[in-house]
Amino acid sequence: MRINMFSSATKVKGQGVGSAYEELVSLLKTHFPDEFKISINKYSRSEISHYHTIDPRFYLSTFMPGRGRKIGYVHFLPETIDGSLKIPQPFRGIFYKYIIVFYKRMDHIVVVNPTFIPKLTAYGIPEDKITYIPNFVHKSEFYEMNLAEKKELRAQMNIDEHKFVILGIGQVQERKGVKDFIKLAKDNPDILFIWAGGFSFGRMTDGYTELKKVVDNPPANLQFTGIVDREKLVNYYNVANLFLLPSYNELFPMSVLEAFSCGTPVLLRDLELYHAIIEGYYDPAKDVADMQKQIEYLSKNPAALAQLREKSNEASEQYSEAHLANIWHGFYMRQAREG
């Protein structure tokens, strides 16, 4: 079966859409090299055309013959863009309408979070044209190192082996809750806070001016690494005692799955959308004050932290590469038959 992937997600570093796209392509090539012939951004005939990003040229390609079954990957909706990018009117309204037009053009769409299904049906997309398939990560890329390796890694990164380290990963923007991460760092001077990520969209980033001031002059116990190459992120997960993502809005963040895969305990703002996909695998916090309580408790209670680490390991099995490979294989075969 010929599957043509359409994506420009990797052009902008440090965003989860690109990570999810790369993981899927790698999975298909690894597990089904003889069944699926994968091409990237080619306009040759195929049984499946899978659109990962909503570029206008990709939209126009859907009107070309030979596209086969058109599959759209829904990583965001208009309402989820607020807090990420500053788009002035009337361009924002036009762009939001285009997003839905693109999705409606698809024969079938895949969501990474089931909470998106009723929202898409509200936009007029039939529920029977929507399938939920969660994200995943490769254990070969994101894995837990042994204690000796972690100790050596800390030495290389000039981190004291006894220092409690809290890691956040993602774009530096309002939606990610970076301001709360900064506040927690200021309130906990004895803990090292590391935010791995940068301004992927530059000045278009929501909250850029205010956040840039802190990034350029952070508290002594807060490090902003800038955009980190994905293959190096495993090092940050392994030097961290706790992964914290204080986002106000997410879909199915790759960083959480990466933390699970590395056996890193996870603390999240308790968003409703998490309940449908990872409830029970992380410690929830309703706001920054609750995060502070959790940090105080976990940093002083090794047994509780170890228990949370076990939950991460359990989640890692649930969203394993092998499990998702079977799901994607079945999905593509069904779509090809319907095409």
Query - Residue-count net charge about residue 113 - beta-carbon cut-off 14 Å; Lys, Arg +1, Asp, Glu -1 - result: -3
Query raised in the report: Once Rh for the range 183-244 is found with the Kirkwood sum over Cα pairs, what is the Stokes-Einstein diffusion coefficient at 4 °C and 1.567 mPa s, in µm²/s?
Result: 101
Report summary line: Ranked output for segments 95-108, 171-184 by mean other Cβ atoms within 10 Å, highest leading, reads 171-184, 95-108
Requested in this report: Quick one: grab the alpha carbon gyration tensor of the range 147-318, order the square roots of its eigenvalues as a ≥ b ≥ c, and give me rounded if a/c is under 1.5, else prolate or oblate depending on whether a/b is larger than b/c.
Outcome: rounded
Query - Rounded, prolate or oblate (a/c below 1.5 giving rounded, otherwise prolate when a/b exceeds b/c) for the range 281-339 by Cα gyration tensor - result: oblate
Query raised in the report: How many percent of DSSP beta bridges within the chain run antiparallel, rounded to 5?
Result: 5
Report task. Compute the relative contact order of the range 147-318 as a whole-number percentage, counting only Cα pairs closer than 8 Å that sit 6 or more residues apart in sequence. Result -> 21
Requested in this report: Among the trypsin sites (Lys or Arg not before Pro) in the range 252-297, which ones are in a DSSP loop with at most 12 other Cβ atoms within 10 Å of the Cβ? Mind listing them?
Outcome: 286
Report summary line: Percent relative contact order for the chain, counting Cα pairs under 8 Å at least six residues apart, stands at 18
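Coordinate-derived values only; no laboratory data. All figures in this text were calculated on a predicted structure; none of them were measured in a lab. No Cβ is skipped: glycine too gets one built from the backbone with ideal geometry, and neighbour counts run over all protein chains shown.
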